[in-house]
Every structure is written in C-alpha cells, then in structure tokens.
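The values are calculated or read from the model by the stated rules, or taken from the named source; none is laboratory data. Everything numeric here is computed off the predicted structure, so don't read it as measured data. All Cβ positions, glycine included, derive from the backbone under ideal geometry; neighbour counts span all protein chains shown.
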Amino acid sequence: MRERSSQALHARCFLLLPEPQRVTEPMSCLRTFFLWRSAAGLLLAVCCVAGLCLATGCQSEPPPTASAPAARPRTTPPASARNTPPNRPAPPVKPSVAKPPRGIEPPANLGLGGSESTQPDTGFGPGRRSPNLGELMDQPGAAPAVAPSKTPRMAIDQAKTASRGIRKISGKHLDLYTDLPASPAIDELTTVFDLAVPKWCAYFDVPAEKAADFRMSGFLMGDANNFRAAGLLPGSLPNFPNGFQQGWEFWVREQEDDYYRRHLLLHEGTHGFMNLMLGGAGPPWYSEGMAELFGTHRWENGQLTMQYNPPDKTETPGWGRVKIIRDETAQQRALSLLDVMRYDSRAHLRVEPYAWCWAACYFLEHYPPTRQAFVDLRAQAADRQGDFTSAFYEKLKPQWPEIDEQWRIYTQGIEYGYDLERALIQHQTGPAREAGAQPQEAVIQADRGWQSTGIMLASNGRYLIESTGSFQIAREPAWKCEPNGVTIHYYEGQPLGIMMGAIRMDEAALAGGPTTLLNSVPLGSSFLLTVQQGGVLYLKINESPASLADNAGQIQVRVSVP
Ligand SMILES: [Zn+2]
C-alpha cells in the first residue's frame, strides 16, 4: 500500500469552472425581458397550426378549412414552422441566452414562459424578401389552434411533380416525395415513419383512433430546384439548413448519412405530430428537445427504437450532440438547465442549442426526481397561457439545487451511452458522522457514480483515507481491480478504477453554483488529505458513466485522523 503525498482538497471548483463566458455584449434585464416576450410569441406561434397561415394572414382573415381549393400566397409567414439543425456547428452568432447574475434568485416568471407577444408584425408580404428562420419563428402567433381536420394541406400537382423526376412513396402516415433514386435506405423511410406514429401516440397519450388519419407529406430533396419548380417548395419558406415543418408538410434536405436522414425525418415528424395532434409543441427548449429526443433513434432489422441513447458515435453518424456538449463544456460554455430553458427561437439557427435541448430533455426524462413532472408536460404542449416552463420550474423548485447539481455532473461527464441511473449522486440521509478520535468506515459500490460516505470532514483537518477491496471493472473478460486503479488504462487522465474523492459542501450546492463534486482528486488506496473547507466526503471509482453496468463489488473505506 503506497501512501500518496498530502494534498489539499477544497472548493477550487469555483476557479476551475468560471461562469460561462458569453461572446455577446451584456444584456440588460429589459432587453432580456423583451427577448422573452419574443420567445413568448414563438410559444404562441407553435401552438398555432401553420397551415392556417399558409392560406391567410394570421390575424386578419377567418381560418381556412380543409376544403379550401388551393393555398393562396400568404401575407404573413407561418406560425408553427419548425426547423432542424445543421449537423455541424455554424460560426458563432449572437447567443440567445441571458443568464441572471450569480446568486440572484431568478424572477418569479423566470422569463421562461410565454405570453402574448406585443411585437409588431414584421410585415413580410408578397414581393418582399423571404424571412430568415429566426424572423419566421419569432412571429406573433395570436391565431387560435386549428383542429387537424381544419388544417389545409399544401396543394400538390402530381403531374408537375412527376415531370420534375419527383416520385412518391406512400406509407400509412406519410407520403414521401423525393427526387432521389430508389434505394432501400430511402424507400423504407415511410415504414420508419409509420412505426414512429404509435410510439408518439404512446408517449404523448394520444389515442390511436385520433391518429388514424394523421398523414403528413414529406419532401426529401436531392435538388431543391426540382421541388421549387414543381411548386412543392414555397418561396415563402425560410432558407432552412436541413429540415423544416409546417402544417401537414415537412421538408428535408438530402444528407450524407442514412442515419441523419432518418433522424431529420423523425425530428420533423415529431414537430408535425405535436403541432397537429397536441395542438402545439411548447417553448423552444421543449419543442426542439423533444424532436431531438424522438429523432435520436436506432433502426435495425425493421425495428425502430426512439429516445435512443447511442452507446457510441458509430451508430449515429452526423448527429454529434454528445461531442458538442463535451466541446462546449471544455470551452467553459456549459449551460445550466435554466439557461437551456431560456433559449429563444433564434437560438436554433445554430447547432449547439439542439444539442443542449436534447441533453436537457434526455436528462429530465431519465432523472427520477424530474421524470414525472417532465412527462406531464406533454399535456401542456398547447398551453398558451405562457407559464409552461415557469410552472414546471415551480413544481420542482424545492429540489432544483440537487437537480442542477446532477445536471452539471451529467453534462460535465457526458459520454455516448451515459448511464444516468447508475451515475446518480447517492446522498445519505441523517446527520453525517464526524471523523475524529474514532475512525469512521463506509462502503462504496463499484458500479455507481458519486456516493456519500456519510462522513464529515472538518475544515483545516487532516485525514488518512484508506480503501481496500477487490472489485470488477469489466465483465468480459472479467477484470479485477483495486483502489489504486489499473495504469494500463486511463479515464479522464487518471488510472481506470482508481478511488476518487470530493468534498461536497451543501452550501455550495444549494447556492446553485458549480458543485464541488466536480473538484475531485484521485485518492487511490491510501491518501493523506488536508481539508481546507469541510464537508461530507463523497467517493466513486474512476470510470466512464457509460461503463458502470459491468462493474461489481465493493470497496471498504476507512477515514481516520493520523
Ligand atoms: Zn426542429
């Protein structure tokens, strides 16, 4: 047993993890407020089925009906149009997130919800330039939701379509028009879509009968000019990078990877299903996060798995959301959950917000303390009272410091296949035991993330932390390990399996700042620790949160005053 040199462990995390640096100018509260008013406009816009605006001005004419013969040029852009992201980061543009000063309680309404926008109509009309995506998605959406049966469909001239080399592939819930040559990966897309519909129904609690007539038109474009010439790509649409949805239609540009093409199809399909079947899709973080959650999938042997947690990047070529979060975090641009929830519609002109919204929805869906409240949001998707996110936050507010702490642990260590259940921080109830004249002992599981020892270490104290036991860090082949780890494999710069320690200070956690669990040190089998700021000792072995499931065994820990 070797003894490591004495080191000090204290709350350096505040230095290691500064506040995210924004590349924009400071934003005043008033500016922030108005940004959120505009986001509120989107929320309302999302609630409005876009086809309404396709044929009429949003506010000036009565809603069209399904029997309308053909769409006339609209005078305002569609309201519930949604786009999908580029699959690689764009050059930085002005961020759309404003963060309250540290240590200040967010305002009562958090700027998280929506309310009726007071923005003037930007007046896009015939003869004017096409709106860009942000402008389009930020339109006031005062029009009431329209039942799917009343939502007009875009007129499709089949002869003209065929003359441009565009063929039609029909499934039960999707007519897919494409100018791409026949291939299994293209021609099976309607099957993929049809398999998605019952899964959307199940998650969003929509009876199958209600979705029986749910049938969208999708345009998979090799050459957008073909679709424009065939009248299938209205000039009023924004110049979207990859995908776009409004009303009963969506458009997807051809992709290099079969995976990402399907991903976009399912992403736009999720928008369509939510807008048409639920009457809305919620604010940007929820709408885009759910589209990403359901877009991230596995397709193998005719089986579709949605809400997939890809175990490695090879299963999802072109997607890259995990890498984006890792890169953002490494660049000190980690976002809190509230940051993500404050995204406005313009944020989604860049790819990073899609990654953050996916991560937020994945986390909230799988983290036990938030799961039920998050699932319940499906019933609020059409909420137009403006308190969608605020009400969600208020419901979880008492637990928010712990939720935020877990979120930071998740995003700082995000990996493909991250095992959120196993990586949950395990706290102990009851008063912590003081390590003093009497040594204190604890048992740590090898297959879990941070675990409280229940042992309190005092400020300025010196402690000997000894760990013993043999445990398994891989099943096939079975791989035994001891608390010093194995030095032929490293994870995050430390030997795989080495005992890691951190002192968690409740005050810091409750202040909503970076958790001190991010300030860990390798302890190995024996470590003489000098504590600067006291707190409860937390331990875990050093391994990827994606690889905990094949671990087994326990480590006995003894803490004494030398
Ligand atoms: Zn989208």
Check: Among strands (runs of 3 or more DSSP E) lying entirely in the stretch 218-303, which contain 2 or more residues that are charged (D, E, K, R)?
Finding: 249-253, 297-300
Note to self: Can you report the number of residues in the stretch 373-422 which are under 25 Å from LYS323 (Cα atoms), of a type outside the set (Ser, Thr, Tyr) and outside any helix (DSSP H, G or I)?
What the structure shows: 5
Margin query: So, in the stretch 428-449, exactly how many residues are under 38 Å from the mean Cα position of the chain (by Cα), assigned to a loop (DSSP other than H, G, I, E, B) and crowded, with 16+ Cβ neighbours inside 10 Å?
Written below: 5
Notebook entry, point to check: Residues PHE240, PHE219: which one is touching a helix residue (DSSP H, G or I) at 6+ places or on another chain (Cβ under 8 Å), over 29 Å from GLN380 (Cα atoms) and either within 16 Å of the ligand (Cβ to nearest atom) or not assigned by TED's automatic domain parsing to the domain that holds THR305 (or both)?
Noted result: PHE219
Note to self: Which numbered condition in (1) surrounded by fewer than 18 Cβ atoms within 10 Å (Cβ to Cβ); (2) at pLDDT below 95 is the only one that THR305 fails?
What the structure shows: (2)
Checklist line | Which numbered condition ALA373 fails, given (1) within 16 Å of the ligand (Cβ to nearest atom); (2) modelled with pLDDT of 95 or more | finding: (1)
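Report the residue count in the stretch 336-363 for those that are more than 16 Å from the ligand (Cβ to nearest atom) and either under 24 Å from GLY318 (Cα atoms) or over 14 Å from the mean Cα position of the chain (by Cα) (or both). Don't jump to the end; show me each part of the working.
The initial filter retains those residues of the stretch 336-363 that are more than 16 Å from the ligand (Cβ to nearest atom), namely 336-339, 341-342, 363.
Add one more test, that the residue is either under 24 Å from GLY318 (Cα atoms) or over 14 Å from the mean Cα position of the chain (by Cα) (or both), and what stays is 363.
Final tally of qualifying residues: 1.
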Note to self: Going by what's in this entry, would SER452 be described as surrounded by fewer than 18 Cβ atoms within 10 Å (Cβ to Cβ) and farther than 22 Å from TYR286 by Cβ?
What the structure shows: no
Checklist line | Subset of the stretch 291-301 [near the ligand (Cβ under 9 Å from one of its atoms) and either farther than 18 Å from GLU188 by Cβ or among the hydroxyl-bearing types (Ser, Thr, Tyr) (or both)] | finding: ALA291, GLU292
Notebook entry, point to check: Only one of these conditions is not met by GLY279: (1) at positive phi; (2) buried (at least 24 other Cβ atoms within 10 Å of the Cβ); (3) away from the ligand (no atom under 13 Å from the Cβ). Which number is it?
Noted result: (2)
Margin query: Quick check on the stretch 247-264. Is at least one of its residues within 18 Å of the chain's Cα centre (by Cα), modelled with pLDDT of 95 or more and not aromatic (Phe, Trp, Tyr)?
Written below: yes
Notebook entry, point to check: Is it the case that some residue within the stretch 377-391 is in contact (Cβ under 8 Å) with a residue 24 or more places away in the chain, among the aromatic types (Phe, Trp, Tyr), closer than 23 Å to MET274 by Cα and within 16 Å of the ligand (Cβ to nearest atom)?
Noted result: no
Check: Quick check, is GLY272 over 23 Å from GLY320 (Cα atoms), crowded, with 19+ Cβ neighbours inside 10 Å and assigned by TED's automatic domain parsing to the domain that holds ILE186?
Finding: yes
Notebook entry, point to check: Can you list the strands (runs of 3 or more DSSP E) found entirely within the stretch 451-501 that contain at least 2 residues being closer than 22 Å to LEU537 by Cα?
Noted result: 451-457, 462-468, 494-496
